[in-house]
Structure formats: structure tokens, C-alpha cells
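Undergrad: This is the structure, below, for whatever I ask next.
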């Protein structure tokens, strides 16, 4: 019995040694093969862009059907994103991918859609490459439109498309402490929003002279989001501004394709004349029949309003009109004179320079920039000398009756009233403090 056990153990031991030797030799061979592949890689043929695989399947009749499945190798895509820099042109953007002749042909194709010579410094663009070859260029023309240039089968496809945003309607409200711009900034909003509000109520409120502490505002505005990030403001849908205890309301409405703002009764907020032609610091000299001239030191009438403002402040036409004078003289400096409907004329004196395209005979629209504040001519400092004439006789600009534009047609009033109720029922339900942190639940895409 002892001999049996001893022989069995001997055979088991020898078998185990053979297995260990085999595993050792296999491990050494496997390690050598890895070293060989690392130092002497196989020169395999490139993987085909597409591969056809044939398969057999049984048909409904019991026979065999042959089908071919084409497996396409995915393209290697790369996106280059940047902004137009000074001196960059279409040629400098694309000369790595196209010849000068091809870029010239592309520029001609873009001419009717968006002239590429108008590429603006600071505007974003992106170039999409596939396997290092040009596929598409996207250039943001402005906040609403983008230029698309795609290339396929040796042909360019040029188009202009709307930029897609996610729109969220939000409520913003606040109280005036010193200025509208400061209040908007303290709410964490962009300064452009203050300009938007001021432009809407510009015919009724002078935001430099009329504002008082504790004036208040509340608005409903669309906020734009792109790729999850805030991308600016959309349409301002409704607003209320309380100035010196008087409430002014504005409702956005479209009439015959024209977008405009109206009060709660459907009357246009737009008047024949703006209340002021610029954003100014103060009125340095008022309308007077007798004033000591600050340079000549003689008493004479001053049939104008002098608005003190920094050099370069834009000056706007207070109403639609035609430029009847655009000149320079030693007394007035740079001067623009406009003729308006209903026998009105306005003059803008001591400008540092004229607005783009402003010349005698040019038609201008209300709010168009016609020049910039300066101190040319007989002036002690930068300001605008603003004068108004009616039938050739001077009138006080601060006392002009501001006649509103045409109201909404009667057949649109019921639809308009529904919009007014929707917006202001919401605003009235919320106090100013709670509304500031509240967002309208309805989301637009």
C-alpha cells in the first residue's frame, strides 16, 4: 500500500514539472513576440474607406438571398473656431485650401448674398474640415444671420441662414437711484438693455433731465441662449416705466409687417419729434432772448438749447427729413440743417464731425446718426447747439408739441387688447421685488 502511494506521487510530480516547463517556455515565446512586434511592426495595408460584406439569409420562400452591407470608414472631422482679425480677408482664411482663382470665383458667388469684403473685425467664424479637406465655413454676419459656405463635388454652395437660438421670456425690474444705466448694471444685465428701454420711451421721457430717484421700471424681454450660454437679448415684448409718478406703458405689436411699440390704447409711442437729439450730461445753456455770449462777451438772443456731452457722443435726427445744409464756418463750426414735414427745421451746431453719408440732399430717418458732439467754431467746450424753427421762426425745442404717429387700425384693437392683458396681468400679479426673480414659464424654441 505504501509502494502504491509512492509511485502515484512520483508520476503526479513528474506531470506537474512538465506543465511548469511548458508554461515557462510559452511565457518566454509570448514575451519575445511582443518585443518583436514593438520594434518591427507589420507594414499592413491601409484600411479601406469602405468595405463590402456579403451575407446570406433565408428568404420568405425558403431560398437563400444574398445581400451586401457596405461599411463606411468614419471621416476625421476637425473644427477651427476664431474671430476675424484686422487685415483678414476671405483669401487669407481659405488660401490653405483653395487656389486664388477658386477664391475669386467664390467671392463672386457671395456677392448677391453677402459681399465678403464686408467681413467685420471681431465677428466669429468657424471652418469645418474632413480629413484635412475644407468642408464648410460659417461666418456670423450679425446677431441674427450667418453666412454658410460649403464645398462638395468641386462646387461651392453659398447661403445666408438665421442663427437658431433658444428663447426664454424673462421679467426684469428695478428702481432708479441715479440713472437707468446704473440700475440695469446693478441687476447684472448688459448696458445695451438700458439703451433699448430709453429708445422705446424716448418720445415721452428725457432720460437725462426727467429721471427722479425712486422712478421704477419692469419689462418682459426675450433672452437668447446658444449652446447653453447667454447670447444677448431678443425682442422686448412689454414695458412699464413710472416717471415722477406717471406710468408709461409700451407693448410690442406688428402692424402690416411693421414692428412698433404702442401704449395700452393702441396709440403709437413714436412721435413726430424725439424729445432730445442725444444722450447728454446736462443742459449748459437754455433757450433765451438775452444771454451773455461766453466767447464774444456780448449780450444777444440764444434761441437754442445747449446740451453738454463728451466729444464723440452720437447726435440723432429728431425726425424724418432732408439735409439742406452740411457745412463749416468759423462761428458755427461743423453744422447740419434738416428740413422736416409740417414746416419744421432743425439745426445741429459745433459738431466734431458729420455722420456717415451725411451730405446736402440726403434723406434721413428719425434716430439716424447725423454727427458727433464737438467744440468746433466759437465754443468754450464740447456741446451740441440745437435749434428748431417753425415756418422759419425759432421756437423753444423743449416746448414742441409731440404729435404721435398713426394709431393701430380699429380691426386690430381686439387682438392687441388680448396681448396687453396677457402681459400686464402677469406683471400686475407680481410685486416688483418678487417679479425680479421670476421667469415666465412659457419657453419658445
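Undergrad: Mind checking the full-extension length gain between residue 170 and residue 428? Use 0.36 nm per residue of separation minus the Cα-Cα distance, one decimal, nm.
TA: Details: separation 258, 0.36 × 258 = 92.88 nm, distance 1.49 nm.
Difference between extended and current length: 91.4 nm.
Undergrad: So how do 187, 167 line up by other beta-carbon neighbours within 10 Å, fewest first? Show your work: numbers first, answer last.
TA: Numbers: 187 12, 167 15.
With the fewest neighbours first, 187, 167 line up as 187, 167.
Undergrad: For each of 86, 353, 393, count neighbouring Cβ atoms within 10 Å of the residue's Cβ, then give the residues from fewest to most. Kindly include the intermediate steps, with their values, before the conclusion.
TA: Details: 86 6, 353 14, 393 9.
Result, fewest neighbours first: 86, 393, 353.
Undergrad: With labels modelled as points extended 7 Å from the Cα through the Cβ direction, what inter-label distance (nm, one decimal) is found for residue 132 paired with residue 311?
TA: Here the modelled spin labels are 5.4 nm apart.
Undergrad: Would you mind pulling out the separation of the Cα centroids of the range 314-343 and the range 83-110, in Å?
TA: That distance is 41 Å.
Undergrad: Just how many % of Cα pairs in the range 114-252 lie over 21 Å apart, if you round to the nearest whole percent?
TA: Working: 5331 of 9591 pairs.
So the pairs more than 21 Å apart make up 56 percent of the total in the range 114-252.
Undergrad: Let me ask something else about it. How high is the FRET efficiency from residue 123 to residue 418, r the C-beta distance, R0 30 Å, rounded to 0.05?
TA: Values: r = 39 Å, r/R0 = 1.31.
For R0 = 30 Å, the calculated efficiency reads 0.15.
Undergrad: Can you tell me how much longer the chain between residue 89 and residue 390 gets when fully stretched, taken as 0.36 nm per residue apart minus their C-alpha distance, in nm with one decimal? Can you show the working numbers first?
TA: Numbers: separation 301, 0.36 × 301 = 108.36 nm, distance 5.00 nm.
Stretched fully, the residue 89-residue 390 segment lengthens by 103.4 nm.
Undergrad: Want the number for residue 163 to residue 179: 0.36 nm per residue separation, take away the alpha-carbon distance, what's left? Each step should come with its number before you reach the end.
TA: Working: separation 16, 0.36 × 16 = 5.76 nm, distance 3.35 nm.
Length gained, residue 163 through residue 179: 2.4 nm.
Undergrad: Given just the C-alpha atoms of the range 77-162, how large is their convex hull per residue in cubic angstrom? It would help to have the intermediate numbers written out before the result.
TA: Numbers: hull volume 7.9 nm³, N = 86.
In the range 77-162, the Cα convex hull volume per residue is 92 Å³.
Undergrad: I would also like to ask the following. Once you put a point 7 Å from the Cα of residue 192 and another 7 Å from the Cα of residue 96, both along the Cβ direction, what distance in nm separates them?
TA: Going from the residue 192 label point to the residue 96 one covers 3.0 nm.
Undergrad: Using the number of other C-beta atoms within 10 angstrom as an exposure proxy, rank 422, 132 with the fewest first. Display every interim value, and only then the final one.
TA: Working: 422 13, 132 9.
Neighbour counts put them in this order, fewest first: 132, 422.
Undergrad: Between residue 363 and residue 144, what is the label-point separation in nm under the 7 Å Cα-to-beta-carbon projection?
TA: Those two pseudo-labels are separated by 2.1 nm.
Coordinate-derived values only; no laboratory data. Just so it is clear, the structure is predicted and the values come from calculations on it, not from any experiment. Counting neighbours? That spans all protein chains shown, and the Cβs are built from the backbone with ideal geometry, glycine included.
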